[in-house]
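Q: My questions all concern the structure below.
The values are calculated or read from the model by the stated rules, or taken from the named source; none is laboratory data. The model shown is predicted, which means the values in this text are computed figures rather than measured ones. Neighbour counts run over all protein chains shown; Cβ positions are idealised from the backbone, glycine included. Ligands, DNA and RNA are stripped out before the accessible areas are found, and what is left, the full protein with its side chains, is counted by its heavy atoms. Shrake-Rupley method; radii C 1.70, N 1.55, O 1.52, S 1.80 Å.
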Amino acid sequence: MKSNHDKGSVVFDHVIKNYGDVTAINDVSFRVEPGNLVTLLGPSGCGKTTTLRMIAGLEHASAGRILISGKDVTQLPATDRDVSMVFQSYALFPHMSVVQNVAYGLVASGVNKQEAHAKSEDALALVGLHGYGERLPSELSGGQQQRVAVARALVLEPEVLLLDEPLSNLDAKLRRQVREEIRELQQKLGLTAVYVTHDQEEAMAVSDRIIVMNKSIIAQEGSPKTLYEEPNSSFIADFIGDANLVDVEILDRANDRVNVDIAGLQKYLPAREFSLGPAKLAIRPDAIQLTASAGNQVGITGNIRHATYLGNQMQYDVECELGSLFVVDYQFKQGLIAGSDVQINFADRGLVLVKAN
Amino acid sequence: MKNSLVLWLLVGWVGYFILPWYLLEDGLFAFDWLFDGYPFDEDYSPAFIQVFSTDKAWLLPLVISLLLPLKALTLKKSDRAYASYLICSGSLGLAYLVIQGFAIGVSGWQFSLFANYFLDSEFNQYGMGYGALLYGLSMLMLLTTGLAARGVMKGDVFVTSSIGLIIAIVTVFVFYPVSQVLISAFQDNQGAFSSASFIDKFFDEKIWGLGCTTRSVSCGIAWNSLTLALLTATITTGLGLAFALIVTRTGFIWKKQLRLLTVLPIITPPFVIGLALILLFGRSGVVTEFFADLFGLEASRWLYGLPGVLFAQVLSFTPISFLVLIGVVEGVSPSMEEASQTLRADRWNTFKNVSLPLMRPGLANAFLLSFIESMADFGNPMVLGGNFEVLSTEIFFAIVGAQNDQGYAAVLAILLLAFTLSAFFAQRIWLGKKSYVTVSGKADSGAHMGLNPMLKMSCYSIALPWALLTLVIYGMIMFGGFVKSWGYDHSFTMQHYEDAFALNWTELGLVWQGAAWDSFWTTLSISAIAAPLTAAVGLLTAYLLVRQSFKWKSGFEFGTMLSFAIPGTVIGISYILAFNVPPLELTGTGVILIICFVFRNMPVGVRGGIAAMSQLDKSLDEASLTLGANSFSTFRNVILPLLRPAIIAALTYSFVRAITSVSAVIFLVSADHNMATSYIIGLVENGEFGIAIAYCSVLILVMLSVILAINLLVGERKLRRSNRLSNAIKKNSNAPLKLKEAE
Ligand SMILES: Nc1ncnc2c1ncn2[C@@H]1O[C@H](COP(=O)(O)OP(=O)(O)OP(=O)(O)O)[C@@H](O)[C@H]1O
Ligand SMILES: [Mg+2]
């Protein structure tokens, strides 16, 4: 069953994980293709870390099977799995120098010291830390420590690289830069990587595929583009890129398109699996256009409750027939002020029909 | 991991085929057995030869468990049969070893049922020795390796074996002896089971009598112990709180010095305070004479009895409750007190209604600790008790005294154990739920509020005289050894030190002439052997408790902490009862002392280890595991190095405790292995206070210097390390930085 093109793949087959009465993972199945970077994304407590730790072998599944490179590893302890992990806290051994940290796994698997150190120096160079080998982890900046943790995981040339919120201890600027580096390295080395984050922008930026989890199950899985443009639920629509959820009526279906009535305004949207009747529409905040009311324009009438100036954008809370809408405007000149009446229209992009849930 | 299997199997083979199977009179490491008829002499033969040379055919089946695993070596680890072979041979070997050990003793069959069939004088054996020990260890490891292969503990051999090992040794050296006490309490003097005799002994007037309330006879021992323990616990808790409040809530200038008080009980042999009190307040004590001269008061014997013992115990245990309460008082979050003050409560009301209730569980803890300590205390009642008899000393006299009534001693032991265990349970159950003291590790900002003036003054006036008294007492101990004869001749002399520690150069070389050298070196060497073993067992247990999860873990924890609540005298008598006869005939050896120390001090090692290990981020172990290191090398390369401070603390503590402990030791010493403390007790009983005091001061100084030396060494290491570090930084900062950020 093990074949070459499976090397580096990860498969979850109906995996369940219970902690006493708590079900942390409830019947989850997915497959990570070799060479892909897959992100586990979801709100706090949804089971991302648990999933990752089960791939590492640090937790054992209560039911179901886990396969790595086509081999069943469900019962295999962490020590014997060919995966390595970058911890959120980095978990660098404070009593060992940087190079000893990186060489640790090699030495543990029986490589002789000299060779292990030579390889470790190479790995350090790869992450841009050439010459830092003799320092202790406590003598490095947060970003440098993070790279040591990556080097330590990479040097073992694992079949799968696991990263648990690797950037959460870095400041916003550095975070963007390091995530590019990780992505670059991963692609250069052709590694399979599973990456945990709760930052959807980070997930969109680095992933080949994203698995969105919610309440111990997979909510949706797909490429970043699919998730954004074709969310299968209002949860996904809201979680990936924000959305206003409003009730609409589908009036008519022709070919691949439907005619939707949004509080009197009519729009043609891709039909997907929807049919006539009431439905939910997810409206991206930047897909709403506001114009100051003047005479008899088309559009829904609304009133601005709050207006916030953020430099490159204006944010509004608008009260209207559909409820309260959150609006972002990047093209503003003057900006509208709170209390003024507006006409609401919608752009052609940024409207998606979703299932109500 | 098959390497380790081969290793353990080899250990078993060595135990069975090479080492002497039975216990050697002079110990294995004297090595005289090697040149004295080994391997065919019946005392020195390994088991395999015993089978033929001395007709001990019942040892032959043991070989099966050494052969079966050979088959397992040819199988793959994943094979079900591999595990089965190991589990089978391990458990059979262990079970058979135990059964034959208990079944056949010095005088043949132990079970009377069979005795009629095999009344053969040749049919006997003595206590097991190193051969049997290695064999048993090997069997245990085969069993745990097999269980691991079956998937126990996720198949982790190291963890499974460690758990197996700890369970085995705690069973053999804690539960088995204590159960012997229970059994022997239910036996009459002929050794037959009899609950009537237990009830007789248990409800004896001597134990429960209430005569003292109405007539002028002494009360029952149980009441004496209970009264003493309650009084001691109450007073020490109060004093400890006063000290703790001064140290944490006032601007007292000698706070640091006051904190040093907490070190005292660790380095003080338990009866030393009693001795010093005799020198001060005894019939010919300094203070007594002073007042006698001044007021013409008749010197009385008030010190010998409840007041004296109480006095000595409060002096001994106040530092312990001080230590506990510092933590408690500091643990009350300042923000609570600040909140109360912003709500317009004054300092007294804040203290009374907020701080004190928050400290209540901690106070209860200190109270229960002092209660247990007082119950278990042996030295002070021994020295000062007089006619005031308490359980711990009465047990001793029941064994060594004229009556030599083991059954009576066992009954008393059960009673004492019941008292301390109840306190232990109360502490665990009650405190488990009600700890308000925050240990989140999050720094709480704000400063503790000061005490209100009244409270401050009362703390000062209670605690400071007491601290002064403690100082005087320790001064007394240091100088007492230089005085010719207390109460009679107060001139300076070196005689006591000469008697105890004289050295002589003769043509034969150095002669250790002093009377104390013998017990002194025994004490040091036995303590030095026990300390690393204690630390190892304690830290391994802590690792299992903190880092592994398994069924019955709380039972496991309870078992390992239990010996903390078993008074030394109970341990002493239980060891005598359990290890005086085969299969484990250890009394009279140095080994039994070492074992006793290891298990008495293990709970402290466990606690220290747990505290230290809980501070270590768990992801460090996990990182090591995912990097391909197994749990054993993770333990060795990651956890142990990071626990160095805890290890050193455990080493120091168990070394010093072994030197100062007396209660259990006094049952277990022998002519060949006399310990300092029991030697000193002997001196005191003979009224030779001078030498006793001199010896005590030497012990205290030795322990102090050991502690200081260790601290210095550790400090030195830290210094060197930080030097190396700053060098490393300098070197690197000269190198051109090739950071990616620079691109
Ligand atoms: N050792 C444990 N014992 C009991 N419950 C646990 C344990 N570890 C995790 N859980 C529970 O399992 C669920 C999933 O936890 P997990 O750590 O996987 O969340 P997460 O998605 O990583 O969240 P976060 O983004 O906050 O890190 C949570 O409800 C958590 O409370
Ligand atoms: Mg997490």
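Q: Please specify each residue of the stretch A:191-207 satisfying the condition of being more than 12 Å from ligand 1 (Cβ to nearest atom) and either touching a His at 6+ places or on another chain (Cβ under 7 Å) or open to solvent by 50 Å² or more (accessible area, probe 1.4 Å) (or both).
A: Answer for the stretch A:191-207, where residues must be more than 12 Å from ligand 1 (Cβ to nearest atom) and either touching a His at 6+ places or on another chain (Cβ under 7 Å) or open to solvent by 50 Å² or more (accessible area, probe 1.4 Å) (or both): A:Gln200, A:Glu201, A:Met204.
Q: Looking at the stretch A:111-149 only, could you name the residues that are of a type in the set (A, V, I, L, M, F, W, C), in contact with a helix residue (DSSP H, G or I) (Cβ under 7 Å, 6 or more places away or on another chain) and away from chain B (no Cβ under 11 Å)?
A: A:Ala116, A:Ala123, A:Val148, listed by residue number.
Q: Next up: Which one of B:Leu701, B:Leu719 is at pLDDT below 80, assigned to a helix (DSSP H, G or I) and away from every other protein chain (no Cβ under 14 Å)?
A: Only one candidate passes the filter, namely B:Leu719.
Q: Can we say A:Ile25 is more than 8 Å from ligand 1 (Cβ to nearest atom) and either more than 14 Å from every other protein chain (Cβ to nearest Cβ) or not in a loop (DSSP other than H, G, I, E, B) (or both)?
A: The answer is no for A:Ile25.
Q: Can you tell me which condition B:Asp43 does not meet? The list is (1) in a loop (DSSP other than H, G, I, E, B); (2) touching a helix residue (DSSP H, G or I) at 6+ places or on another chain (Cβ under 8 Å); (3) surrounded by fewer than 14 Cβ atoms within 10 Å (Cβ to Cβ), and all the others hold.
A: (3)
Q: Then there is this: For the stretch B:14-40, what are the residues that are free of Cβ contacts under 8 Å to residues at least 60 places away in the same chain and assigned to a helix (DSSP H, G or I)?
A: B:Phe17, B:Phe29, B:Ala30, B:Asp32, B:Trp33, B:Leu34, B:Phe35
Q: Another question, then. Find all pairs meeting these conditions: Cβ atoms under 7 angstrom apart; at least six residues apart or on different chains; first residue within the stretch A:156-185 and at positive phi and open to solvent by 10 Å² or more (accessible area, probe 1.4 Å); second residue modelled with pLDDT of 90 or more and within 16 Å of ligand 2 (Cβ to nearest atom).
A: So the pair list comes out as A:Glu165/A:Val196; A:Glu165/A:Thr197.
Q: Being within 23 Å of B:Thr318 (Cα to Cα) and either within 28 Å of the chain's Cα centre (by Cα) or buried (at least 19 other Cβ atoms within 10 Å of the Cβ) (or both) narrows it down to one of B:Tyr474, B:Tyr543, B:Tyr460, B:Tyr497, so name that one.
A: Just one listed residue meets the conditions, B:Tyr474.
Q: Okay, moving on. B:Gly209 - would you say it is out of contact with any strand residue (DSSP E or B) (no Cβ under 8 Å at 6 or more places or on another chain), at pLDDT 80 or above and not assigned by TED's automatic domain parsing to the domain that holds B:Thr569?
A: Against the criterion (out of contact with any strand residue (DSSP E or B) (no Cβ under 8 Å at 6 or more places or on another chain), at pLDDT 80 or above and not assigned by TED's automatic domain parsing to the domain that holds B:Thr569), B:Gly209 does not qualify.
Q: Specify the residue that is nearest to the other protein chains (Cβ to nearest Cβ); the eligible residues are those in the stretch B:624-639 that are open to solvent by 40 Å² or more (accessible area, probe 1.4 Å) and in contact (Cβ under 8 Å) with a residue 12 or more places away in the chain.
A: Result: B:Asn630.
Q: Where residues in the stretch A:31-61 are surrounded by 18 or more Cβ atoms within 10 Å (Cβ to Cβ) and part of a strand (DSSP E or B), which of them is nearest to ligand 1 (Cβ to nearest atom)?
A: Out of the qualifying residues, it is A:Leu40.
Q: Check every one of the helices (runs of 4 or more DSSP H) wholly within the stretch A:113-227 and list those with 1 or more residues that are closer than 18 Å to A:Met96 by Cα and of a type in the set (A, V, I, L, M).
A: Ranges flagged: A:113-126, A:142-154.
Q: May I pose another question? Where in the stretch A:276-337 are there strands (runs of 3 or more DSSP E), lying wholly inside it, with at least 1 residues that are of a type in the set (Phe, Trp, Tyr)?
A: In the stretch A:276-337, the matching strands (runs of 3 or more DSSP E) lie at A:300-309, A:314-320, A:323-329.
Q: For B:Glu498, state whether it is modelled with pLDDT of 80 or more, of a type in the set (D, E, K, R) and not assigned by TED's automatic domain parsing to the domain that holds B:Asn601.
A: yes
Q: Among A:Val107, A:Val99, which is the only one that is of a type outside the set (Gly, Ala, Ser), open to solvent by less than 10 Å² (accessible area, probe 1.4 Å) and away from ligand 2 (no atom under 16 Å from the Cβ)?
A: A:Val99
Q: From (1) surrounded by fewer than 18 Cβ atoms within 10 Å (Cβ to Cβ); (2) within 12 Å of ligand 1 (Cβ to nearest atom), pick out the condition that doesn't hold for A:Gly64.
A: (2)
Q: Somewhere in the stretch A:63-70, is a residue more than 9 Å from chain B (Cβ to nearest Cβ) and within 16 Å of ligand 2 (Cβ to nearest atom)?
A: Scanning the stretch A:63-70 turns up no residue that is more than 9 Å from chain B (Cβ to nearest Cβ) and within 16 Å of ligand 2 (Cβ to nearest atom).
Q: Could you grab the pairs with beta carbons closer than 8 Å, sequence gap of 6+ or different chains, first residue in the stretch B:495-523 and closer than 19 Å to B:Ile693 by Cα, second one basic (Lys, Arg) and loosely packed, with under 15 Cβ neighbours inside 10 Å?
A: What qualifies is B:Gln495/B:Lys484.
Q: Is there a residue being in a loop (DSSP other than H, G, I, E, B), out of contact with any Pro (no Cβ under 9 Å at 6 or more places or on another chain) and open to solvent by less than 40 Å² (accessible area, probe 1.4 Å) anywhere in the stretch A:80-90?
A: So far as the stretch A:80-90 goes, no, none of its residues is in a loop (DSSP other than H, G, I, E, B), out of contact with any Pro (no Cβ under 9 Å at 6 or more places or on another chain) and open to solvent by less than 40 Å² (accessible area, probe 1.4 Å).
Q: Does A:Pro158 qualify as being closer than 29 Å to A:Asp82 by Cβ and either modelled with pLDDT under 95 or within 13 Å of ligand 1 (Cβ to nearest atom) (or both)?
A: yes
Q: Tell me, which residue of the stretch B:605-623 that is at the interface with another protein chain (Cβ under 7 Å from one of its Cβ atoms) and open to solvent by less than 40 Å² (accessible area, probe 1.4 Å) is nearest to B:Ser162 (Cα to Cα)?
A: B:Glu622
Q: Looking only at the stretch B:511-540, how many residues end up being of a type in the set (Gly, Ala, Ser) and open to solvent by less than 30 Å² (accessible area, probe 1.4 Å)?
A: Adding up the residues that qualify gives 8.
Q: Counting only residues that are open to solvent by 30 Å² or more (accessible area, probe 1.4 Å) and either free of Cβ contacts under 8 Å to residues at least 40 places away in the same chain or under 16 Å from B:Arg657 (Cα atoms) (or both), how many does the stretch B:675-696 have?
A: 4
Q: I'd like to know if the stretch A:43-58 contains one or more residues that are hydroxyl-bearing (Ser, Thr, Tyr), touching a Ser or Thr at 6+ places or on another chain (Cβ under 8 Å) and either within 16 Å of ligand 2 (Cβ to nearest atom) or over 20 Å from B:Leu625 (Cβ atoms) (or both).
A: no
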